[in-house]
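The values are calculated or read from the model by the stated rules, or taken from the named source; none is laboratory data. What you see is a predicted model, and the numbers here were worked out from it, not measured in a lab. With ideal geometry, Cβ positions are generated from the backbone for all residues, glycine too; neighbour counts draw on all protein chains shown.
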Amino acid sequence: MDAVVNSQGQGTHAREVASGDRFEFGKNWARFLASLTEERVSYAVESLREMLGVTSLAGRSFVDAGSGSGLFSLAARRLGARVHSFDYDPHSVACTATLRQRFYPGDETWTIAEASVLDAGYLAGLGRFDVVYSWGVLHHTGSMWQALGNVVPLVAPGGQLFIAIYNDQGSRSRRWLRAKQIYNWLPRPLKAPWAVVAIGPTELKAAGSALVAGQFGGYLRSWRQPDPTRGMSRWRDVVDWVGGYPFEVASPDEIFDFYRKSGFVLSRLRSKGAGFGCVQYVFDKPGGQ
């Protein structure tokens, strides 16, 4: 099945980008794919295996809600899952289609579509999945709590929900919201310089801490090597972070309470002192629900 192109959604997305109301995540991912290596794919596979607590996804269905680069759809397919990927950003859809063509050409067990996680009608037609995956996506929809609720019916009884949501840092998160708005309102030539300015204090602090700890070489290597937990390049993560708008946050307590009310049980939480970053959650849906 070829990627589905929804021209109406594509037009809406383009208008939001043009008005400064949305970051072009897909174009950022397209640049990331140019440097994608087998090592980075392996990192993504191991990250998915570890968080889900599995050695294989053979015989299981997996939906990637907001597939971005398509890397984790590819990771799920490598683990043997039947995969359905969708994204609101047409460039992200194209990235995912590129990965499928590169690694699994003509594969009928990996389908791709252009759609929004806010489109309840679309989601209702997908059925249920053994694994519902949405990493760092739902807080960029402009209606995070609606999106968090919309993925609930996608999880099959006995299935897993794996999401990552930005940690609520109070006033500091509000300042980052402003920085992200500025990035998206700026003309294109000024976006990268603003990203450097915005992330500068954070990186100077990280570099200083590494220097004091005698680990400055490791800090420098982190700019040349992929993130071992996600396979992403650091600069692409910086652009994604500074530009990532719409932008909402939630505390772990809020996420836990939200899904507990829907009968989910938290099986794994990964924060690693998340700060501004994402807290990762894996929820289990008991069988029979």
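For segment 122-131, the set of residues classified as crowded, with 22+ Cβ neighbours inside 10 Å and either more than 16 Å from the chain's Cα centre (by Cα) or without any contact (Cβ under 8 Å) to a residue 24 or more places away in the chain (or both) consists of Phe129 only.
Of the helices (runs of 4 or more DSSP H) that lie entirely inside segment 60-165, those containing 3 or more residues that are touching a Ser or Thr at 6+ places or on another chain (Cβ under 7 Å) span 90-103.
Would you tally the residues in segment 73-112 being hydrophobic (A, V, I, L, M, F, W, C), more than 23 Å from Gln146 (Cβ to Cβ) and within 17 Å of the chain's Cα centre (by Cα)?
9
When restricted to residues that are of a type in the set (S, T, N, Q) and either part of a loop (DSSP other than H, G, I, E, B) or without any contact (Cβ under 8 Å) to a residue 24 or more places away in the chain (or both), segment 169-189 contains 2. The residue pairs whose first member lies in segment 190-205 and is over 15 Å from Phe276 (Cα atoms), whose second member is surrounded by 14 or more Cβ atoms within 10 Å (Cβ to Cβ) and of a type in the set (S, T, N, Q), and whose beta carbons are closer than 9 Å, counting only pairs six or more residues apart or on different chains, are Lys191/Asn184. Note on segment 28-59: residues that are outside any helix (DSSP H, G or I) and at negative phi amount to 9. When Ser171, Ser143, Ser134 are checked against the criterion of being surrounded by fewer than 22 Cβ atoms within 10 Å (Cβ to Cβ) and either under 16 Å from Phe72 (Cβ atoms) or at pLDDT below 95 (or both), a single residue qualifies: Ser171. Taken together, Phe103, Phe72 contain a single residue that is surrounded by fewer than 17 Cβ atoms within 10 Å (Cβ to Cβ), within 15 Å of Leu36 (Cβ to Cβ) and assigned by TED's automatic domain parsing to the domain that holds Leu48, which is Phe103. Being of a type in the set (S, T, N, Q), surrounded by 15 or more Cβ atoms within 10 Å (Cβ to Cβ), out of contact with any Gly (no Cβ under 8 Å at 6 or more places or on another chain) and modelled with pLDDT of 90 or more, is that true of even one residue in segment 240-255? Looking through segment 240-255, none of the residues is of a type in the set (S, T, N, Q), surrounded by 15 or more Cβ atoms within 10 Å (Cβ to Cβ), out of contact with any Gly (no Cβ under 8 Å at 6 or more places or on another chain) and modelled with pLDDT of 90 or more.
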